[in-house]
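The values are calculated or read from the model by the stated rules, or taken from the named source; none is laboratory data. Source: prediction; values computed, not measured. Quick reminder, even Gly has a Cβ in these numbers, built from the backbone with ideal geometry, and neighbours come from all protein chains shown. These accessible areas exclude ligands, DNA and RNA; they are computed on the full protein's heavy atoms, side chains included. Shrake-Rupley method; radii C 1.70, N 1.55, O 1.52, S 1.80 Å.
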Amino acid sequence: LGWAALFAFMLPKLPDTRALYQESRQAKVSVVAADGRVIAVRGATGERFVQLAEISPFLVEAVIATEDSRFYRHFGLDPVGLARAAVDNLRAGGVVAGGSTITQQLAKNLYLTPERSLTRKLQELTLAIWLEANLGKDEILTLYLNRVYLGAGAYGVEAAAQRYFAKPAKDLSLPEAAMIAGLLKAPSALAPTSDLDRARERAGVVLGRMQDEGYVTAEQAEAARLKPARLAPDRDELAGYFVDWVLDGLADQLGKPQHDLFVRTTLDPKLQATAETALGQALARTGERSEVGQGAIVLLDTQGAVRAMVGGRSHRQSPFNRAVNARRQPGSAFKTFVYLTALEKGWQPGNTIDDRPVKIGDWQPVNFDGKFRGKITLEEAFAQSINSAAVRLAATVGPKAVVETARQLGIASTLQPVPSLALGTSEVSLLELTGAYLPVMGQRFFIAFVFFGNLAQVIIRCILVLEVERHQMLELRFGQRRVVFL
């Protein structure tokens, strides 16, 4: 009676299942550089809708074993699975297992939001029964395998197989199938492009489930563990971090694309290639000696358009975009906002300020060379990046005023209006710091190397931030220019 009442309530909202196959083609998103060159085809990857017979049996069995071992024996809801999950959760004292069937997951993916509520769960259950009443089991499984998100912008098993292993889904080996099936638990966190070790570990769990369900023997499972899946070489040889950033923004604006899209960008492929080479050479030359593990570059034009972006040493090995998502202390590069605030309040370059020891509570900043120069002009203090002078100046104009100046120039990260703010102790992203320098630059392109160091040496033609464990002297060549910074 309860189910009948719920169906009567939801009947006008129940979807037409006949339209599912008509809408099943995945959209393709092509990212185009400023010169018209297609630098990547990503997003939903545009891979075709595949039938169950065109998918490796290993993958089908891995998904069933891992996600819904009773798939062919229930009616959309699995009371046995729900009871088992409830017992496991009670024993663990928390949520360690779920009871959702593949049909429920398909209903959620097709029609519902990620909201967690009783109403949404009832809708999911009702839609699952509706799908079971209108579609066969193989049809449901086919739709699920073509619609499910599997990380790295791949929707569906064909897209995932091409993305990770550069092969069609029908040719997946047992280790590769186990890895893709393992992504269903947490596609973004477990994607092998993000963390290959975790993806392989999860694949081992999937192999254990397949063995328990009788799909593979113990010998087959062990052989697959000993020879885990290997990723195909990254097909996006240029601007992988930039492409991810662009498509993340696109998803925020449009959601999952329903039609093929061409996204035109401002990226300059020649500058991008130069930036990637420059960072790679710098890290290879000084990385191990100076304990520098990663780096990032952003190159903007005077209109704020991104012409090049490098988010790390290797997009394939570490897709985390340090140019956009990492927040680091900008150090002396932040002093520009202190001096600009002073100019806005009427200070002149020839005005003097004390360069002598300053102590605030237990904090006592010192200059890099350990020397103090007495009274110096703002021009000298800025050119030599004097720490004590910057701290005194920030205290005089007010840390809140410095924060407001940084805000006006585009710094969106949280800034603490404390005395140490003058020395760049509040963390910011490389992209916003680069953009904040645009109003004070007059060149067509610029680079600013930011490394907890001397501001007089950092403004060149772009921005580069190196992640380091301690201060070291580094050297980087960019074209014919040479920069030495501390």
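Data for the structure
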{"quantity": "With DNA, RNA and ligands ignored, accessible area of Val418 (1.4 Å probe; Å², nearest 10)", "calculated": "60"}
{"quantity": "Rounded to the nearest 10 Å², the accessible area of Ser420 at probe 1.4 Å", "calculated": "30"}
{"quantity": "R0 of 41 Å, Cβ-Cβ distance Thr302-Lys375: FRET efficiency to nearest 0.05", "calculated": "0.65"}
{"quantity": "Of the GluC sites (Glu not before Pro) in segment 285-368, those whose Cβ has at most 14 other Cβ within 10 Å and which sit in DSSP loop", "calculated": "Glu291"}
{"quantity": "Calculated from backbone phi, Karplus (6.51, -1.76, 1.60) coupling profile of segment 346-360 in Hz, x at Gly/Pro", "calculated": "x, 5, 10, x, x, 4, 9, 8, 6, 10, 9, x, 9, 9, 10"}
{"quantity": "Most to least accessible of Ile129, Ile140 (protein chains only, probe 1.4 Å)", "calculated": "Ile129, Ile140"}
{"quantity": "³J(HN,Hα) computed for each position of segment 391-401 - Karplus, 6.51 cos²θ - 1.76 cosθ + 1.60, integer Hz, glycine/proline x", "calculated": "5, 5, 5, 5, 5, 6, 7, x, x, 5, 5"}
{"quantity": "Förster radius 45 Å - calculated FRET efficiency between Ala232 and Ala383 (Cβ-Cβ, nearest 0.05)", "calculated": "0.30"}
{"quantity": "5 angstrom amide H check on Ile39, placed H, neighbours 5+ away", "calculated": "Val31, Val32, Ala33"}
{"quantity": "Computed over segment 269-370: relative contact order in percent, which uses C-alpha pairs under 8 Å that are six or more apart", "calculated": "16"}
{"quantity": "Heavy atoms of His259: accessible area, 1.4 Å probe, square angstrom to 10", "calculated": "130"}
{"quantity": "Whole-percent carbon and sulfur share, accessible surface of segment 339-407, 1.4 Å", "calculated": "52"}
{"quantity": "Local electrostatic count, Val391, Cβ distance below 13 Å [Lys/Arg +1, Asp/Glu -1]", "calculated": "+2"}
{"quantity": "Inter-probe distance in nm under a simple model that places probes 7 Å from Cα toward Cβ, at Thr352 and Thr396", "calculated": "1.1"}
{"quantity": "Segment 163-295 - percent relative contact order, Cα under 8 Å, separation 6 or more", "calculated": "19"}
{"quantity": "Heavy-atom surface of segment 300-355, accessible at 1.4 Å and reported per residue (Å²)", "calculated": "41"}
{"quantity": "Gain in span if fully extended, Asp195 to Glu288, counting 0.36 nm per residue against the direct Cα distance", "calculated": "31.2 nm"}
{"quantity": "Förster radius 45 Å - calculated FRET efficiency between Glu139 and Thr277 (Cβ-Cβ, nearest 0.05)", "calculated": "0.35"}
{"quantity": "Long-range HN-HN contacts of Asp355 with modeled amide H, under 5 Å", "calculated": "Arg373, Gly374, Lys375, Ile376"}
{"quantity": "Sequence-separation-based contact order of segment 277-434, relative, with Cα cut under 8 Å and 6+ spacing, percent", "calculated": "26"}
